[in-house]
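One structure is given below, encoded as C-alpha cells.
Every number in this text was worked out from the coordinates using simple rules, so none of it is lab data. Here the structure is a predicted model, which is why all the values come from computation and not from measurement. Neighbour counts are summed over all protein chains in view; Cβ atoms, including those assigned to glycine, are modelled from backbone coordinates with ideal geometry.
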Amino acid sequence: MTTIHDVAYRTIDGITLLARLYRPDTDEPVKWMIDVHGGAWGSGDRLNNTVIHEDLAAHGVGVCALDFRLSDEAQYPAMVDDVNYAIRWFKAQAETLDVEMSMLGALGSSSGAQQMGLVALCPAASRWTTLDPELTMVDASVDFFVAAWPILDPLARYHMAQEAGNERLVAAHDACFSTEDDMTEGNPYLLLERGEATHTPPMTIIQGTADANVAHTLQDKFADLYRAKGGKVEVHKFDGQPHTFVTADADTEASKEAIFKIREFVLRV
C-alpha cells in the first residue's frame, strides 16, 4: 500500500509550490526520488508522471513529485532554482516528513530533465541556488538520475525546432529563456563539455526513436560525453515510440518495458 499526500515546499513571489509524496508502506529506510515533470517549461504539474510514481512506490521506492514555477510565471533559471531548493528542503525536512532515506535520486522528464540535469551535475551552482539559512546544512546533490525523453541540450533542441518549423516548441523556448545565451548556460550537455560539472551521478536515459520533439541521437551524444567525463550512463531506446510515450499510453508493451527499465535501474543502482 502507498500513502499519497501533498505538501507545500516553497512560497516565492506569491506563488505556493506543492510536492506530492508517494510513501511506500514500510518502516525501513528506502530509496527516494525527486521528480521534475516536463511540459516545455510552461505546462504540466506534479501529476504528469503519476504512472511512473505509482509503479516505483509499489516496489518500495518513495517519490516526491514537484510543481515549480512555469515559464508564464518566471523565466530560467527560476524553475531550476525551485528544483534545487526542493531537494535541499526535502533533505532538511526528512524527519518532519517522517521520511527515512537510504539514497536520494532524481527523475526528470523532457524539459524537466534539463532542470534536474543542471542540478544533478552542478548542485551548488550559484545561478540556481538561493541561499536559505534553514538549508545551510544540506546540499542539492542526488545519488542517481533517471532522464526520460530528456532535453539535455536545449540549444540544440531549439535549433532543431526552428529547422523543423515547429512554432510551438520555438515559442516554448522563447518563453522560458530570454536569449540563446541562457540556453547555452542552462545546458547540461554544454556544461559537461565546458568542464563545469562537479558531479556525475549514475544515469539511465529512456528515449523513443520516433520522438519528434528531441532527436534520439542527441541522447547518444550526451551519453558519450558523460562517459568521457567519468560518469556511468545507460541509454534505453524504444523503436517507433514518440515523445512522452510512457505517460501518453502506459498500457503498451513499450511503455511497460520502459517503466520496468526505470524501476530496475533504481532498485539496482
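A few comments on the model shown:
- Between Ser110, Ala78, Ile259, the Cα set farthest toward the positive side of the dipole of the chain (charges on each charged residue's Cβ, about the Cα centre) is that of Ile259.
- Close amide H contacts of Met101 (hydrogens built in the peptide plane, cut-off under 5 Å, sequence separation of 5 or more or a different chain): Val30.
- Length added when fully stretched, Asn166-Val138, from 0.36 nm per residue minus Cα-Cα: 6.0 nm
- The amide H of Ile12, built 1.01 Å from its N in the peptide plane, has Leu17 as neighbours under 5 Å, considering only residues 5 or more places off or on other chains.
- Charge tally for Asp132 (other residues, Cβ to Cβ under 10 Å; Lys, Arg +1; Asp, Glu -1): +1.
- (1) 106, 55, 37; (2) 61, 42, 39; (3) 51, 43, 35, with the label sought being that of the calculated Cα extents along the principal axes in Å: (3)
- Spacing of the modelled spin labels on Leu18 and His159, each 7 Å from Cα toward Cβ, amounts to 4.1 nm.
- For region 18-103, the set of GluC sites (Glu not before Pro) satisfying both a DSSP loop assignment and a count of at most 14 other C-beta atoms within 10 Å is given as Glu73, Glu95, Glu100.
- Normalised by the number of residues in the chain, the mean separation of alpha-carbon contacts (under 8 Å, six or more apart) gives a relative contact order of 17 percent.
- Stretching Glu73 away from Lys229 to a fully extended chain increases their span by 52.6 nm, per 0.36 nm per residue minus the current alpha-carbon distance.
- Residues in region 176-192 reached by a label modelled at Thr130 [backbone nitrogen below 18 Å; 7 Å Cα→Cβ]: none
- Computed from backbone phi, the HN-Hα couplings of region 70-84 come to 8, 5, 7, 10, 6, 9, 3, x, 4, 6, 6, 4, 4, 5, 4 Hz, rounded to whole numbers (Karplus: 6.51 cos²θ - 1.76 cosθ + 1.60, θ = phi - 60°; Gly and Pro given as x).
- Put the Cα centre of region 41-103 next to the Cα centre of region 198-218 and the gap is 20 Å.
- Working from the Cα coordinates of region 84-198, the gyration tensor eigenvalues give, after taking √(5λ), semi-axes of 29, 15, 13 Å in decreasing order.
- Cα gyration tensor category, rounded, prolate or oblate, for region 117-267 with a/c compared to 1.5: oblate
- Average Cα contact separation per residue, region 1-55, under 8 Å, 6 or more apart, as relative contact order %: 27
- Under 14 Å, Cα to Cα: Lys pairs in region 2-268, sequence gap 8 or more or different chains: 6
- Neighbour-count ranking [beta-carbon atoms within 10 angstrom, fewest first] of Ser43, Ser102, Ser110, Ser255: Ser102, Ser43, Ser255, Ser110
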